[in-house]
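Here's the structure, in structure tokens; my notes come after.
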């Protein structure tokens, strides 16, 4: 294996390790936010903690829930998006 191939293999291994770590950290963040919401945190508090607006925090984490009995976070599936035509039909 030449130098370029070794560097490529090392870079791909580093990318794999970083992606694994990123998934773990993202899951930890979702769990922490779900817990905070469950115990009464406001979207403003969550946004301030994460360094984003309350709207951005809400948009990203609004489907999270915390189950204290099982100590797990779960995601509520989003509602289907209604098209303009569907919206006008239901008025």
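Brief remarks follow.
- Cβ pairs under 8 Å, 6+ apart, first in the range 52-68 and under 16 Å from residue 31 (Cβ atoms), second crowded, with 16+ Cβ neighbours inside 10 Å and modelled with pLDDT under 95: 64/73; 65/73; 66/73; 67/73
- Taken across the range 17-31, residues that are touching a strand residue (DSSP E or B) at 6+ places or on another chain (Cβ under 8 Å), at negative phi and loosely packed, with under 11 Cβ neighbours inside 10 Å do not occur at all.
- Highlighted here are the helices (runs of 4 or more DSSP H) found entirely within the chain that include at least 2 residues which are in contact with a helix residue (DSSP H, G or I) (Cβ under 9 Å, 6 or more places away or on another chain): 3-38, 43-50, 54-61.
The values are calculated or read from the model by the stated rules, or taken from the named source; none is laboratory data. What you see is a predicted model, and the numbers here were worked out from it, not measured in a lab. So basically every Cβ, Gly included, is an ideal-geometry build from the backbone, and we count neighbours across all protein chains shown.
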